[in-house]
1. Determine the gain in length on full extension of the stretch residue 95-residue 127; use 0.36 nm per residue of separation and subtract their C-alpha separation, reporting nm with one decimal.
2. For the chain, what is the calculated [θ] at 222 nm in deg cm²/dmol (nearest 500), taking -39500 (n - 2.57) for each run of four or more DSSP H residues and dividing by its residue count?
3. Using modelled amide H (1.01 Å from N, peptide plane; none on Pro or chain starts), what sits under 5 Å from the amide H of residue 183, excluding residues fewer than 5 places away?
4. Quick one: accessible surface of residue 199, probe radius 1.4 Å, all protein chains present, in square angstrom to the nearest 10.
5. Where the centre of each part is set by its Cα atoms, how far does the stretch 50-64 sit from the stretch 182-228, in angstrom?
6. Taking θ as phi - 60°, what are the ³J(HN,Hα) couplings along the stretch 5-13 by the Karplus curve (6.51, -1.76, 1.60), each to the nearest whole Hz, with x for Gly and Pro?
7. Largest first and in whole Å, what are the equivalent-ellipsoid semi-axes of the chain based on the Cα gyration tensor, each being the root of 5 times an eigenvalue?
8. What trypsin sites (Lys or Arg not before Pro) in the stretch 61-104 are in a loop by DSSP, with at most 14 other Cβ atoms within 10 Å of the Cβ?
Amino acid sequence: EEPYWQGFDLDTQERHARMMRAQDEAGHETPISVETRADDFRAVTQVSTYTKDNLGLFAKISGAITACGATIADAQVFTTKDGMALDVFWVQDASDGAFNEPRRLKNLTQTIKQVVAKGLDPLAGVTLPRLQARYEAFTLEPQVLIDNGASAWRTVIEVNGRDRPGLLYDIAQAITDLDLSISSAHIATFGERAIGVYYVKNKFGLKVTHDVTLRKIRDTLKHALAGV
């Protein structure tokens with residue numbers, strides 16, 4: 001996809017290509033490949049995963065990352081024509097630094113693999129940290145915009161609200177519960193604000209056009225943004 005080629009440098013593309021080739025060769029023996037690369041200069045760690053696409057995959061991986069104590073600062077999702085998904089996350093630790101401690105990175109990788117391979121609930125039994133005081137001071141009205149004209153084949157959903165621990169998981173799980181599949185996505189955080197753009201399709205592989213369903217999507221995602 002064109003956004004992928006424009007969004008990553010040649011070194012990252014080569015690393016992704018090697019990971020994808022190894023995963024394709026491994027087949028069913030290894031359900032998912034996970035690669036981590038810390039960037040101390042940018043104070044972020046890139047987590048790349050490649051596996052067979054399925055309903056709720058993005059929610060499972062983002063939940064696994066959150067369960068390991070990492071904060072997701074940015075994320076991009078790409079799906080291939082042969083039914084595979086490349087999900088790339090940029091994560092930080094609680095001090096807004098690169099999530100790069102070897103033991104924690106190993107646990108992160110193992111948790112993602114177990115959640116995807118075994119279909120586990122990534123946040124079962126996990127108590128998320130409270131919002132930092134700097135976030136509690138801000139009140140942002142949750143916004144959900146739905147556009148059926150921006151893409152020829154997908155419904156585009158933009159969500160905008162206050163960032164908090166587990167937000168990305170809650171949004172992705174809400175989309176999954178609505179029986180929608182994420183074809184591609186771009187998520188970013190700007191201080192206390194989180195913005196996500198999701199290209200989705202219904203269970204028939206089509207755009208969502210029914211007015212009642214569109215209202216349900218808006219209401220459900222606003223509740224997810226508000227954490228209720």
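The values are calculated or read from the model by the stated rules, or taken from the named source; none is laboratory data. Computed from a prediction, not measured in an experiment: that's the story for all the values here. Cβ atoms come from the backbone with ideal geometry, glycine included; neighbour counts cover every protein chain shown. Accessible surface areas use protein heavy atoms only, side chains included; no ligands, DNA or RNA. Shrake-Rupley method; radii C 1.70, N 1.55, O 1.52, S 1.80 Å.
1. Full extension of this stretch gives 9.7 nm more.
2. Here the helix-only value at 222 nm equals -11000 deg cm²/dmol.
3. 199, 200, 201
4. Accessible area of residue 199: about 70 Å².
5. Taking the Cα centre of the stretch 182-228 as reference, the centre of the stretch 50-64 is 16 Å away.
6. Whole-Hz 3J(HN,Hα) from phi for the stretch 5-13: 5, 7, x, 10, 6, 4, 4, 5, 4.
7. Calculated on Cα positions only, the semi-axes equal 25, 23, 16 Å.
8. Loop-located and lightly packed - 81.
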